[in-house]
Amino acid sequence: MAMAYLASPAQAIGSSAQYNGTLCTDYVDYEVWLPPGFTVASIEAALASQNVTMAAIGQVPIACFPPLAETLCSSTFPRVVPIAGQPNSANVEFACKSTCQRAVAECSDFLTVFGKQAMIPKCDDPIPFTVSPQIPAGVMYQGDGNCNVVTSKSGAGSAGWSGLKAECDAPFVTDTMEGPNGTSTNEQWCMSGCCLPCPAQYNLYRTGALEKGFKMTDTMRAISMVLSFFLMMTYICLGKTSHPNSLILLFSICVFLFSAVIIFPLYDTKGMQCADLINPSTQKNNIKCAIQGGILVFASVATCAWCTALILNLHLHTVWNSAWVSTKYYTLHFLCWGMAIAVTAAALIMGEIKWEYATLCLISQDKASVMFFYPMAAMIFPAFLLHMATFFHIARITIQTGDSETMSRSTLSAGAAAVISHRRHVLMAVKIQWRAALMAVCAMVSVTFYWLFYFIQLRKINPTELQNHILKFVFCLKTGAEHDSCADDLAPWLPPYGLMIAAEFLVSAIGTVIFIVFFKMELVHEWGEKFSQIGYLISGKRQQKKEQDQFFVI
């Protein structure tokens with residue numbers, strides 16, 4: 001836009017001066033146009049009275065800062081471009097409308113949340129300070145190619161918004177500033193004087209969704225605790241403590257411990273998750289979290305270890321006709337319990353037990369793969385492959401045996417006899433091994449699925465990565481929208497609700513699955529015989545121990 005600067009001040013539309021202010025020193029290094037009656041100092045003083053300063057702008061998010069600062073400086077101080085050959089005239093380049101619109105797109109939500117609507121540029125109104133008696137309509141923002149483009153000379157950006165304070169609308173609560181030296185109570189879940197109350201994730205989903213979902217998974221884990229306890233006591237009370245039943249007993253003990261940690265959140269769910277109103281539990285601020293997390297880590301690793309031992313015994317006995325495991329129980333105890341103790345001790349010593357998800361404390365996401373899932377995977381995956389090799393070995397041997405038998409049968413055709421023999425022997429192989437096979441599959445699927453969920457999906461609940469999305473969530477609430485509607489808008493950046501509940505339900509059901517796999521009607525009959533002996537204890541009579549094939553027992 002061209003404006004003529006005449007020799008006579010009375011005829012001039014505004015004036016020009018070299019910029020000598022402090023507001024836009026990083027953006028303006030040119031001769032600026034000043035509206036009639038204004039100086040650089042008076043313009044900056046007027047802006048400062050409205051708290052429009054670079055310090056205030058510097059508290060906005062990183063993406064918002066450049067367009068907002070560029071719009072402020074380019075609109076407040078238009079550029080004077082002298083016209084060659086016309087000493088008293090110059091072109092004045094005013095702010096670009098595209099820059100203004102970018103500032104609105106990047107900053108309006110944030111500035112609205114913190115009550116700074118006055119700082120949102122109005123791109124369809126006249127540029128500030130341009131309305132005067134000489135220019136009654138003012139000057140509008142200009143199109144690209146003929147406007148004032150400014151950029152930072154130093155490349156400095158936003159300093160963050162920690163200094164801004166917002167009104168804390170529900171579900172947010174006021175930051176008590178109880179951190180070290182009066183700093184934020186929790187820098188992860190608090191910003192600008194407001195905090196998401198613990199458990200923070202519960203407030204980001206639809207109302208009551210996680211409470212209901214995790215109550216269902218907790219109930220499943222409680223059922224698993226009862227059933228695994230019954231299975232454990234069955235093997236103890238019925239005297240099934242010799243090899244190979246002792247392996248099932250040790251395995252069931254581990255599964256019981258794994259499920260029994262649910263007692264802690266059933267008694268006080270929020271007391272397990274949270275140390276106070278805002279801070280989540282860690283082993284340092286909540287002793288219950290340390291105890292429960294330690295038991296859970298120990299039981300998880302021990303369960304995988306004894307599952308591996310059980311499958312190893314089946315393989316050695318079936319394929320190699322070896323009783324090696326029965327003579328190496330001291331070694332097995334050392335390896336299985338030792339591995340569990342080592343992982344648990346490492347987690348506790350490094351202070352990595354904390355609550356981050358569901359209702360139980362576990363090893364932190366940052367260390368979970370290395371310290372927790374890798375050791376378990378190193379046991380479960382080879383055990384699964386070993387058992388598949390065992391199963392196929394049995395199937396191959398029985399098929400070969402069936403083929404030789406059918407050669408001597410004369411009452412059936414060769415083809416029909418072969419089919420019958422094949423089916424019978426394959427079914428026999430399945431009958432012998434299905435419990436251990438199902439156990440191996442369940443263990444592998446549970447560890448793998450939960451690990452993948454923990455590694456891929458759960459890391460989405462990262463306060464640093466969620467901060468900008470939470471800001472939009474707050475803005476949505478401030479517009480008067482319902483919580484559930486705002487939570488739905490946030491959902492794409494959170495772990496899927498259904499997948500989260502499914503992952504937790506799967507591991508919670510392990511005790512129930514193991515009970516179904518290993519409990520047989522024969523055990524019910526043995527319980528009946530056990531109770532029938534109570535009346536004969538004085539006589540000293542004892543029922544003769546039954547000899548059974550170990551694979552059918554398992």
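The values are calculated or read from the model by the stated rules, or taken from the named source; none is laboratory data. The structure displayed is predicted, hence computed values, not measured ones. When we count neighbours, we look across all protein chains shown, and the Cβ atoms used for this are built from the backbone with ideal geometry, even at glycine. With ligands, DNA and RNA removed, areas are computed over all heavy atoms of the protein, side chains included. Shrake-Rupley method; radii C 1.70, N 1.55, O 1.52, S 1.80 Å.
Assorted remarks:
- Of the set (1) within 30 Å of residue 173 (Cα to Cα); (2) in a helix (DSSP H, G or I); (3) touching a helix residue (DSSP H, G or I) at 6+ places or on another chain (Cβ under 8 Å), all apply to residue 230 but (1).
- Taking (1) surrounded by fewer than 21 Cβ atoms within 10 Å (Cβ to Cβ); (2) within 21 Å of residue 193 (Cβ to Cβ) in turn, residue 65 satisfies each apart from (1).
- Within the range 455-464, if we keep just the residues that are assigned to a helix (DSSP H, G or I) and touching a residue at least 24 places away in the same chain (Cβ under 8 Å), the residue that is farthest from residue 63 (Cα to Cα) turns out to be 455.
- Only one entry in 307, 336, 361 is touching a residue at least 60 places away in the same chain (Cβ under 8 Å) and within 29 Å of residue 397 (Cα to Cα), namely 307.
- Residue match in the range 340-352 (condition: among the charged types (D, E, K, R), out of contact with any Cys (no Cβ under 9 Å at 6 or more places or on another chain) and buried (at least 20 other Cβ atoms within 10 Å of the Cβ)): yes
- Of all residues in the range 283-295, those that are surrounded by fewer than 24 Cβ atoms within 10 Å (Cβ to Cβ) and either touching a Leu at 6+ places or on another chain (Cβ under 9 Å) or part of a helix (DSSP H, G or I) (or both) total 7.
- Just one of the listed residues (390, 303, 318) is of a type in the set (S, T, N, Q), touching a Cys at 6+ places or on another chain (Cβ under 8 Å) and part of a helix (DSSP H, G or I), and it is 303.
- Each residue in the range 100-143 was checked for being aliphatic (A, V, I, L, M) and not in a loop (DSSP other than H, G, I, E, B), and 7 pass.
- Only one entry of 172, 264, 214, 256 meets the criterion of being open to solvent by 20 Å² or more (accessible area, probe 1.4 Å), out of contact with any Cys (no Cβ under 9 Å at 6 or more places or on another chain) and of a type in the set (Phe, Trp, Tyr), and that entry is 256.
- Any hit, the range 81-89, residues being within 17 Å of residue 19 (Cβ to Cβ) and in contact with a strand residue (DSSP E or B) (Cβ under 7 Å, 6 or more places away or on another chain): yes
- Scanning the range 121-143 for residues that are within 45 Å of the chain's Cα centre (by Cα) and in contact (Cβ under 8 Å) with a residue 60 or more places away in the chain returns a single hit, 141.
- Scanning the range 249-278 for residues that are part of a helix (DSSP H, G or I), farther than 19 Å from residue 216 by Cβ and out of contact with any Phe, Trp or Tyr (no Cβ under 6 Å at 6 or more places or on another chain) gives 252, 253, 255, 257, 271.
- Residue match in the range 39-58 (condition: over 30 Å from residue 477 (Cβ atoms), open to solvent by 60 Å² or more (accessible area, probe 1.4 Å) and at pLDDT below 90): yes
- Test: residue in the range 353-363 that is in contact with a helix residue (DSSP H, G or I) (Cβ under 6 Å, 6 or more places away or on another chain), in a helix (DSSP H, G or I) and either of a type in the set (Asp, Glu) or open to solvent by less than 10 Å² (accessible area, probe 1.4 Å) (or both): no
- Only one of the numbered conditions (1) more than 30 Å from residue 339 (Cα to Cα); (2) surrounded by fewer than 19 Cβ atoms within 10 Å (Cβ to Cβ); (3) modelled with pLDDT of 55 or more is violated by residue 405, and that is (3).
- Restricting attention to the range 77-108, the residues being under 17 Å from residue 65 (Cα atoms) and open to solvent by 60 Å² or more (accessible area, probe 1.4 Å) number 5.
- Among the residues of the range 112-126, the ones that are open to solvent by less than 30 Å² (accessible area, probe 1.4 Å) and either under 20 Å from residue 193 (Cβ atoms) or charged (D, E, K, R) (or both) come to 2 in all.
- Just so you know, in the range 473-518 the residues that are part of a loop (DSSP other than H, G, I, E, B) and not aliphatic (A, V, I, L, M) include one that is most open to solvent (accessible area, probe 1.4 Å), and it is 482.
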